[in-house]
Each structure stands twice: as structure tokens, then as C-alpha cells.
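Below is one structure, written out as C-alpha cells; the observations come after it.
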Amino acid sequence: MTKNYPLAFFTVCPKDCFGSCSLEVEVERGKVVKVRGNRNSPVNQGRICIKGKNYPNMVYGPERLLYPLQRIGKRGKGEFKRISWEQALDTIYEKLKNLKEQHGPESVLYYNRFANLGVVKNCAYGFWYQFGGFTSTYGGLCDSAAQEAINLTYGEVKHNKISDLENSKLIILWGSNPAYTNIHIMHYINRAVDKGAELITIDIRENESGAKSHLYLNPRPGTDGCLALGIANQLIEDKLIDHNFINQHTFGFTKFKELVKNYPLDKVSDTTEIPLHKIETMIGFIKNAPEYALICGMGVQRYTNGGQTIRAISLLPVLTGSIGKKGCGFYFSDRQAPELNWPFSPPKPKRIRNSIPVAKLASELNNQVDPLVKAVWIEQANPMTSNPSINILARAMNKLDLIVVADLFLTDTARMADIILPATSMFEYYDLITGYGHSYIQLQQKLIESPGECKHESEIYRLLGKKFGFNLDYLPENNLSTIEKIISSSNLNTDVDELKEKPYLHPSYQEIAFGDLKFNTPIQKVEFFSQRMRDRWGEDPLPAYSEPVENKYSSPNIYYKYPLSLISSHAYNKMNSQFSDISILKEEPFVWVNPYDAAKRGINKNDRVKMYNGRGSLILKAIITKKVTPGIVHTYFGWWGGVHQANLNKLTGEYISDIGHGTAFHNCLVEIQKVK
Ligand SMILES: Nc1nc2c(c(=O)[nH]1)N[C@H]1C(S)=C(S)[C@@H](COP(=O)(O)OP(=O)(O)OC[C@H]3O[C@@H](n4cnc5c(=O)[nH]c(N)nc54)[C@H](O)[C@@H]3O)O[C@H]1N2
Ligand SMILES: Nc1nc2c(c(=O)[nH]1)N[C@H]1C(S)=C(S)[C@@H](COP(=O)(O)OP(=O)(O)OC[C@H]3O[C@@H](n4cnc5c(=O)[nH]c(N)nc54)[C@H](O)[C@@H]3O)O[C@H]1N2
Ligand SMILES: [Mo]
């Protein structure tokens, strides 16, 4: 008998993550048997995370949805019966057609997010444009405040090749936890520190990335902008700034200098609650290494002042001319890859009602008029776990006539659906992936047939499109010829065969970002003063600090009842709300509480606590730890209401960031109490 050896193929993890890891996947008898990092790829040199390694368990695990389902029980209860695709699509077709005829296409909300990156997910618009329109959301749950802030300041969001960090003498890690969320950059941070670089970590807690830090600063949540302005003022006063760089490449410095005079260090220490000597020590580090790398994460911008915070932080390296050179620079995300073109779009209909800020989906869903939103189609998203104010969202969803959810799992959102359509995993379709942790473009390969009756979005929309009589040229099949057309219409100098072997880097890619000292702002310089801040957002053109909402100063009445700030970071073993239900990764939800706060409430190690505020409550296990300062409770986001009874976003409010229409998840006051 001949032995069947597994075949190995290269592909890429398409998850919404900095990693965008190149994978080597073993396939045996049509099944994925092993996933490892591609050692030959310049992207990750073999590194991948625990989620990637566990992907076969996700694809073949008992949790995977394999057939279309129709709800039989109450919404949210999770009771469904299996139906055929024909039945599922017929039901959807009838309802959508009637809604469109009676109320217009805007009575349907098409809601998607970024479970996976990849240009092929645009296939949905081939259907919705031909449907004649829809209602949609704007803004973001993720980093839209920061993207807007950095674009306004620098003209582009990009950073040096991450391996350049090895040339750094000083690295500042600010509101970022790459040990969990960006393992490739963490690799180079560690190497730099091993070679003698100093590391400063600024976080509201002791995070997983800062273990080797030479200095740790713990600001009061949401006050980082104030800290940045205070440091700027002191650097200017101590004459540590690079006048040449500022004169040649920046705009508005004189006004900025006046602004930061309002932030002397003693006042900054009061506002941020960081001991004065620690801020002075940090300035000492910058004095010794004025050309340094500042890595800023997404944690700091999940506040109502998030955009201005990022403006203030991103301007710090500019002061010492720490931009456009080796071993330094401002890192947030790297978006140098060209935007890929989806060459199959039908003409855009006029009736697209882009009217709901995603941060306010819960309260705005039932508030749309002429027409009301009657139906929602959800794909690549789990709003019932990942969006704020879940209790309000559940009530709003309950009022709808039709909820369709395409997903791989019975998520909190899928539980609300009338019809669930089983979607494909990353090994079951082709795509082209542009990430944000590096600028390579990679080919995602279809390596296996889908289990059960799972279908890719392109097929779902083709089948439904046929019922409506839509032009199927706008609904291409998911195959390599479709990928070839995207490559040529996007002017990429590569092809499918080459992409099967290695990732693609665009010829204009800069290893040293802004090495040409060109800044794509209206003034063609880095903008300390941004007129567009006022014109677009009605905000101060200078990055002035303002107190965010829902804390002891801005809402003393709420604080009186709920005195703890709830901060939720991204978890190592989850991808946002994904992987939560995979049995081997399941865990009991927990919350970090400082010993002082615990003692005050009679809470002991491993006690169960009720965490609550005016918006909701849930039960978690208390981990008593000094890693978090008094006044803060910290945990990781992504547990499900339906599986863990611990949906954190029952507690979060619908706050929007100052710019970019982002979601301010961390402006959230709660109280905890021991459960008997
Ligand atoms: N393993 C894993 N990787 C992921 C993801 C995942 O879910 N799991 N998600 C991906 C996505 S979508 C994103 S957006 C990124 C997010 O990745 P990161 O940029 O690392 O963002 P967060 O985990 O939200 O927060 C980072 C840190 O900010 C801190 N923080 C919160 N508030 C403040 C504050 O006011 N001041 C300061 N100084 N620090 C604060 C938190 O304590 C946390 O340690 O990760 C991506 N990568
Ligand atoms: N409290 C709190 N809330 C947060 C955050 C936080 O830090 N704290 N972070 C926010 C951030 S940064 C983000 S980016 C958002 C993420 O929120 P979402 O964008 O909603 O992402 P996920 O929660 O990962 O949900 C994606 C869903 O798509 C499904 N899916 C996966 N692949 C496919 C596919 O190919 N097709 C279809 N149809 N479905 C698929 C997954 O199973 C999953 O249920 O959450 C935000 N929510
Ligand atoms: Mo995100």
C-alpha cells in the first residue's frame, strides 16, 4: 500500500490583525492536518500565534455550523432547525423583495466588518448595489480615530520596516500590547532590548509586553494626551528639540509651543496621576536618545478624546527630528501597500443611506425613518459581542422583521438570526490580503472543500442574485481567474504563480517611512496645527487635552455609584470575539482587580464578582493583582454572552471619539461586588 504524505501549501492568515502571517498548511486526503508559520517568508519567518496553530480545530471542531438554519425558538435562545439552502434563500428572497417593494431598499441594513481582511469580500457589493441600495454604518469599532489623527498629522499612516527596530536605542511602547496583538513587532522589540535598547512602557496596567521595561508609566485612563503635551513642553524648555527639522518639515510649531506651556509637569502629574519623578525620568531617556522609536497602540484611542490623544503622541518624535531615519520613528500601523481594486462593481446606486455611526448601532437601529430599518444582513461581524451597549442592541434587533447572519459559528449575533447561513473558513476560498502590520500583499489559497454545506459569500450572493435576476458578471465566482483580474486591474507587478511562492511588495515601498521627507498633508509638512481638524471635525486644530467622558471629573454623579474604570484589551487566545467558543481555548472569564479595591469590597482571590453599571451586569472570576492600579478593573474582550454568560459590552456605552467616528469603549465606569 502506498503511504499518503500530506502536501504542504503556502497561504496567509486573513484575520484582522497586525500579523497577516504567511502560513504553511499541510493537507492530507482533502483535510487540513497541520498549520505552521512559513519559515521562508520575510513576513514572519515561521512565527505564528496559538490561534493559527489551532485552526484545524476551528475548521473541523464540533462548534462549526455546517448547514443553513432557521430559528424556531425565541430570538437569542439559540433554537434552530436545519433547512436546505433552497429554503433559506427562498425565504430571504421573498422577504427582501417585499421589503424593497413596500419600503425601499434602505429598509435593509447591510452590516459587515472585518473578520477577515481581503479584497474579495467586496463581492457583497455586487449584490447590494444591484439590490438598488441599503442602509449602512459609518465610522469604526477599531482604530478610526487614530487613522484620522495620523492622516491629518503626517498625511499617511506608515512606519519603518519592523526589523529596523533593532537599530533603536530607545523604544517607547505606548498603549500597545504587541506581545499579544502584534507578535512580529514584539520579536524585534525583544531583539532590540537584548542588544541594549532601553524600553519604556506606558499603559494603564502592567501589560504582557513590558516585562523588560526600564521604566513603566501608568497614566489615569484617557489622559495620555496630557502626558504627551507635558513631555513636549519640557523638551522645548530644556532645548532638546531639533530646530532644523521643525523649521523645514513641520507647520504650526509656534502655536503648538504656546499651547504646551499650559502643561507644566507638576500639573501633568496631577492630571495623569503619574509620579512627577517618573515623567522626568522618561524625559531623561529621551535626552539620551533623542532619535527613538515610539510604538503607539489602539488602546489609547478608545476614548472620547482619542483622536487628539493620538495627535499629541504622534507629534512627540517630530520634536526631536526622529522621523524618516533608521532606528526611530512613529509606529502605529503600516498602510503602504496600494489599495486593491475590485473590478466587478456595478454602478453605485443613489439609495445608499449611510446613516448609522457604528458606535451607536444599538440606539440608532430603530431610529431610522423613511423608511424604518426592517431587516439586517450581517456578515464577517459579531455585533452582539463586539459592539457597545449590547442590552440596547438586543432590544433593537428584536424589533426587526428579518435578521440574516452569515457566520461559521453560533455566535451571540447568530443566535438572534432568523436565518443563519454557514460561511467558509480561511482555507476554503481565494483572496488577496493586504494587512496593516506590514505592507506585503499575499495570496490566500483555497486548499480544501468546505465541510457540510458551507458556502463562501460569493456563492451565496450568486444564488440569491439569480433569484432576483441580477447580472452575474458583477458576482464572479471565487477562483484564481477572479484573483488574476484583481491583480491586473490593481496594477500589481506579479501574478498568481509568483504569489503562491512569495508575498508581493510594491516598488514604491519605503523601508524607512518618510525617508524622502515628503508629507502628504495640505501644507506638505507634518502639521502641529491642522486646519482640517476644525474644518472636518469642529475640533481644536492644536492637540489640546480635554477630559474624556465618564470618569471621576467629567461625570461625578456616575462615578459616585460606579467608581471603577473598566478597560478591556485584546486577548492572546482570541481574535476579537473569534475563537472564544473553541473548546480547547475555552476559559472562565475573569477580571483583574487591585488588592486595595478588592479589600475595600471584601473580595478574595478567585471569588466570583458581579460587575455592573446602569447598562447591565455580568459575573466574572476576580484575579487580585497589583498589575492594575486602584480605580481600574482590567480584562480582555471577546467572551460570549451565549457561551460564557460574560459579554463585556453589556456594560460599555455608546460613546464616539472626537474624530474619525471611532468607538470609545474605555469610557466605562462600573462597580463590582462579591457574589455570595
Ligand atoms: N491576539 C490578538 N491579536 C490581535 C487582536 C486580538 O483580538 N487578539 N485584535 C487585532 C485588532 S482588531 C486590534 S484593533 C489590535 C489591538 O491591539 P493593541 O493596539 O495592542 O490594542 P489593545 O489590546 O486594545 O490595547 C493595548 C493596550 O492599551 C492599554 N490601554 C488602554 N487604555 C489606555 C490608556 O488610557 N492609556 C494607556 N497608556 N494605555 C491604555 C491596554 O491596557 C492594553 O495593554 O490587535 C490586533 N491583534
Ligand atoms: N469592549 C471592547 N469591545 C471591542 C474592542 C475592545 O477592545 N473592547 N475592540 C473593538 C475592535 S478593535 C474591533 S476590530 C471589533 C471587532 O468586531 P467585529 O468586527 O464584529 O469582529 P469579530 O468579533 O471578530 O466578529 C467577526 C465574526 O465574523 C465571523 N467570520 C469569520 N470569518 C468569516 C467569513 O469568512 N465570513 C463570514 N460571513 N463571517 C466570518 C466570525 O466567526 C465572527 O463571529 O471589536 C471591537 N469591540
Ligand atoms: Mo480592531
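Which distance in nm do the two modelled labels at TYR560 and SER84 give, with both placed 7 Å along the Cα-to-Cβ direction? Going from the TYR560 label point to the SER84 one covers 6.5 nm.
Extension gain, ASP401-LYS676: 0.36 nm per intervening residue step, less the Cα-Cα distance, totals 94.9 nm.
Compute the acute angle (0 to 90°) between the alpha-carbon long axis of helix 457-468 and the principal axis of greatest extent of the alpha-carbon atoms of the chain; round to the nearest 10°. Around 50 degrees separate the two axes. From most to least packed by mean Cβ count within 10 Å, the peptides 6-17, 27-38 give 6-17, 27-38. Amide H contacts of VAL593 (H built 1.01 Å from N, in plane; Pro and chain starts excluded): ILE623, ILE624, THR625 sit under 5 Å, all sequence-distant by 5 or more or on other chains.
The peptide list 371-384, 450-463, 409-422, put in order of mean Cβ contacts within 10 Å with the highest first, becomes 409-422, 371-384, 450-463.
Counting other C-beta atoms within 10 Å, which of HIS634, HIS184, HIS103 has the fewest, and how do the rest follow? Don't skip to the end; give the middle numbers.
Working: HIS634 25, HIS184 20, HIS103 17.
Ordered from fewest to most neighbouring Cβ atoms within 10 Å, HIS634, HIS184, HIS103 come out as HIS103, HIS184, HIS634.
Taking the helices alone, the chain has a mean residue ellipticity at 222 nm of -8000 deg cm²/dmol, built from -39,500 (n - 2.57) per DSSP H run of at least 4 residues and averaged over all its residues. Nearest 10 degrees, 0 to 90: what angle lies between the long axis of helix 183-194 and the longest principal axis of the chain (Cα atoms)? Around 30 degrees separate the two axes.
Within the set of other residues whose C-beta is less than 13 Å from the C-beta of LEU217, count the net charge using Lys and Arg as +1 and Asp and Glu as -1.
Taking every other residue near LEU217 into account, the sum is -2.
Summing Lys and Arg as +1 and Asp and Glu as -1 over all other residues whose Cβ lies under 14 Å from the Cβ of ASN367 gives a net charge of +1.
For the chain, the longest principal axis of the alpha carbon atoms and the long axis of helix 85-103 meet at an angle near 70°.
Report the trypsin sites (Lys or Arg not before Pro) located in the stretch 257-293 that are in a DSSP loop and have at most 13 other Cβ atoms inside 10 Å of their Cβ, or state none. The qualifying sites are LYS261. Each DSSP beta bridge with both residues in the chain is either parallel or antiparallel, and the antiparallel ones are about 45%. Computing FRET efficiency as 1/(1 + (r/R0)^6) for LYS627 and SER546, where r is the C-beta to C-beta distance and R0 is 25 Å, gives about 0.30. Taking 0.36 nm per residue of separation and subtracting the current Cα-Cα distance, fully stretching the chain between GLU101 and SER355 would add 89.4 nm. Sequence-ordered 3J(HN,Hα) estimates for the stretch 59-71 from the Karplus curve with 6.51, -1.76 and 1.60 and θ = phi - 60° stand at 5, 10, x, x, 7, 5, 7, 10, 9, x, 10, 10, 5 Hz, glycine and proline given as x.
Estimated at 0.36 nm per residue, the fully extended path between ASN288 and GLU449 surpasses their Cα-Cα distance by 52.2 nm.
Taken together, the values in this text are just the output of simple stated rules run on the coordinates, not laboratory data. Predicted model only: the values in this text are computed from it and were never measured. Here the Cβ is made from the backbone with ideal geometry for all residues, glycine too, and neighbour counts use every protein chain on show.
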